Amino acid sequence: MHRRTLLRLPAVGALGAIAASGLAACGADDVGGANGQSGPSTPGEENTVPSAEGVHRSTHRYGDDPSQYGELFLPDPVRKPRGVVVVIHGGFWRAEYDASLGTPLAADLAARGWAAWNLEYRRVGDGGGAPATFDDVAAGIDKLADISSVTTEKPALDLSRVITLGHSAGGHLATWSAARGRYGFSDDVAVTHVISQAGVLDLRAAAEAGLGNGAETDLLGHRPSREDERYDPAQQLPLDVPVWCVHGKDDDTVPIGQSESYVERATAAGATAELIAVEGDHFVVIDPSSEAWARQLQVLDTIAPA
C-alpha cells in the first residue's frame, strides 16, 4: 500500500473540507486514530455530536475491543434517509489504516440524504485476521438493527436498503458481507447491494500476484486456497445481490483485472455484476471530488433516487 499521505487524498476539495470541519467539531474522543483507538470509552455507549452542513454524527460500539465501533452519519434530522450505506475502509486489512479513511465519503453521503455507517473492525496487528476481522464486519453491520430501534436516532433507519461500499481490502469485505450468512456468520441485517471500490475480490489471485506484500496470507494465517471459500468472494459466486465493481484503469496497487475477472465470472454464474472502469489510480475511487465518485453516486441514485 502506498504512503498514508496518499491514502488521505479524499480529504481534499470542498467536500473534504466538510469532512474535516466535522472532525474538528467532534473532538479527540470521537475521531479515529492511527490504530483505531477511538469511539466511546464504555461498550455500548454512544457519543453524539453535530457535524458540518446539517450532518449528524454519532459513534456506536458493537463490542468491547477499541476497534469494534462505527460512526453513523445522518442527514438533517427532518429528512428521512434514502437508505444505509456501510462504508468499509481499506488498507490491506492492516492495523495502520483505520476508519478515518472512510470519513470524507460518509460525510458526503449523509449530505446527500443517505445514512452512512463508517465501520471500523479489528485488523491484522490489532487482534484481527480470520476469523476475527470477518466476525467484526458481520457484527458491525448487524449493529444497525440495534441503532435503528434507538429513539434518539430520528427518523429510524430504513434497513430495506443496505449498501456496502468498500475500498480495496474494504471492497473485499463489502462483497464478502453479502454472502456471510452462508458460512455461519451473523446476518441479521441483510446486504441488498454492493459497490466494490478497487476491491481485492480474488484472494488466491491476489496472493499469486503478490498484492499487498503477503497481505492475503497475513489475513488468513496461510496462503489462500480452494479451502477458503468462506472468506473469498471469488469462490462465493453467484451472489444474490447486485455488485458494481468501480476500478481505476491505472491502478497498480490492486490492478483492474481483479474486478474484470470477478464481473466476468459473476455474470457467467448468473449473478448481476457490472464493471465501471474509471480514469485514475487506486485512490481516485475514494476521492469525493473525483469523477469516479460521481459515477458511484449515480449508481446510488439508481438504487434510491434523491
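The values are calculated or read from the model by the stated rules, or taken from the named source; none is laboratory data. Just so it is clear, the structure is predicted and the values come from calculations on it, not from any experiment. Note that we place each Cβ from the backbone using ideal geometry, even for glycine, and neighbour counts take in every protein chain shown.
Tabulated results
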item: Residue list for the stretch 240-295, restricted to those being over 27 Å from G210 (Cβ atoms) and buried (at least 21 other Cβ atoms within 10 Å of the Cβ); result: P288, S290, W293
item: Checklist (1) in contact with a Gly (Cβ under 6 Å, 6 or more places away or on another chain); (2) farther than 24 Å from F92 by Cα applied to V189, failing item; result: (1)
item: Residue in the stretch 194-214 that is part of a loop (DSSP other than H, G, I, E, B), free of Cβ contacts under 8 Å to residues at least 40 places away in the same chain and either farther than 27 Å from A292 by Cα or among the charged types (D, E, K, R) (or both) present; result: yes
item: Matching residues, the stretch 82-125, being over 18 Å from W176 (Cα atoms), outside any helix (DSSP H, G or I) and touching a Lys or Arg at 6+ places or on another chain (Cβ under 9 Å); result: R82, G83, A95, E96, Y97, D98, R112, G113, W114, A115, G125
item: Residues (among the β-branched types (V, I, T), over 12 Å from A130 (Cα atoms) and part of a helix (DSSP H, G or I)) located in the stretch 215-248; result: none
item: Test: residue in the stretch 187-204 that is buried (at least 21 other Cβ atoms within 10 Å of the Cβ) and among the polar types (S, T, N, Q); result: yes
item: Test result for G199, within 19 Å of P104 (Cα to Cα) and at pLDDT 95 or above; result: yes
item: First in the stretch 81-105 and farther than 22 Å from I147 by Cβ, second anywhere and assigned to a loop (DSSP other than H, G, I, E, B) and among the basic types (K, R), Cβ under 7 Å, 6 or more apart; result: W93/R123; R94/R123; A95/R123
item: Residue satisfying condition, being in contact with a Leu (Cβ under 8 Å, 6 or more places away or on another chain) and crowded, with 23+ Cβ neighbours inside 10 Å, within set A106, A130, A99; result: A99
item: Extreme residue, nearest to D108 (Cα to Cα), among residues of the stretch 270-304 that are in a loop (DSSP other than H, G, I, E, B) and either free of Cβ contacts under 8 Å to residues at least 60 places away in the same chain or charged (D, E, K, R) (or both); result: D287
item: Which numbered condition L300 misses (of (1) under 20 Å from V200 (Cβ atoms); (2) in contact with a strand residue (DSSP E or B) (Cβ under 9 Å, 6 or more places away or on another chain); (3) among the aliphatic types (A, V, I, L, M)); result: (1)
